[in-house]
Amino acid sequence: ALTIGQVMAKKESVLYLNLEEYSGFTRLIDSEYKADLSDVLYLYRQGGYNWLKLKSMISNWGNMDFIPPVRYAEDLSQVAPEDMAQLIDRIARESGYDRLVVDVGQMGRGALLSMCNVVYMPVREDYISAAKIEEFEEYLEEADDAGVRDRIQKLRLPRHTGIAKQEGYLEQLIWGEMGDFVRQLLNGKQPER
């Protein structure tokens, strides 16, 4: 998701949101923030959310803007996927960004996936991963969410090799093997692994 956001941001305005409980994002880019997604969720639940307040909470990394992920995992567990989908929809409508890239983490179900144009789903080829994918697909079938199934693109990602810690991470992400993979994907070609 980070690489997709950075590659897209070369040509379009992109806002990246990470809905993982423990994303490691602040460690990856070695920064601390005054406000994050926890603050956005608080404002939204209290009815005080608006684009001007949100705009002051947005940070930048490379060419891509982002809202720093939650500080506390509990903040995500207190939000229903439908409410998160409504918040993201509002951000998409009011913000003026060309694209929102959302790393859905454990929130990837129901209304949240239904609103996505494309759902990229990294997959592995081992037995346990295959069993998890099968259960997820059964869930989508039972939930009668064929629209989501049709938008899912399963990806076998290249392994992160040779990426050093912090220093130069952004450049390595964009111009390394993962960046090549993402550029092929976004250009409509079958990425090579």
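The values are calculated or read from the model by the stated rules, or taken from the named source; none is laboratory data. Quick caveat, the model's predicted, so the values are computed rather than measured. Positions of Cβ are generated from backbone atoms using ideal geometry, with glycine treated the same way; all protein chains shown enter the neighbour counts. In case anyone asks, the SASA skips ligands and DNA or RNA and just uses the protein heavy atoms, side chains included. Shrake-Rupley method; radii C 1.70, N 1.55, O 1.52, S 1.80 Å.
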*Taking the range 21-32 as the region of interest, how many residues are under 24 Å from Tyr49 (Cα atoms), in a loop (DSSP other than H, G, I, E, B) and open to solvent by less than 60 Å² (accessible area, probe 1.4 Å)?*
1
*Out of (1) in a helix (DSSP H, G or I); (2) within 16 Å of the chain's Cα centre (by Cα); (3) over 20 Å from Leu17 (Cα atoms), the odd one out for Leu112 is which?*
(3)
*Of everything in the range 69-94 that's among the charged types (D, E, K, R) and in a helix (DSSP H, G or I), which residue is modelled with the lowest pLDDT?*
Glu82
*Across the range 55-85, which residue is nearest to Leu17 (Cα to Cα) among those that are open to solvent by less than 90 Å² (accessible area, probe 1.4 Å) and acidic (Asp, Glu)?*
Asp65
*Say whether the condition of being modelled with pLDDT under 85, open to solvent by less than 100 Å² (accessible area, probe 1.4 Å), in a helix (DSSP H, G or I) and under 27 Å from Gly62 (Cα atoms) is met by at least one residue in the range 135-145.*
no
*Output yes when any residue across the range 33-54 is open to solvent by 60 Å² or more (accessible area, probe 1.4 Å), of a type outside the set (Phe, Trp, Tyr) and touching a residue at least 40 places away in the same chain (Cβ under 8 Å), and no when none is.*
no
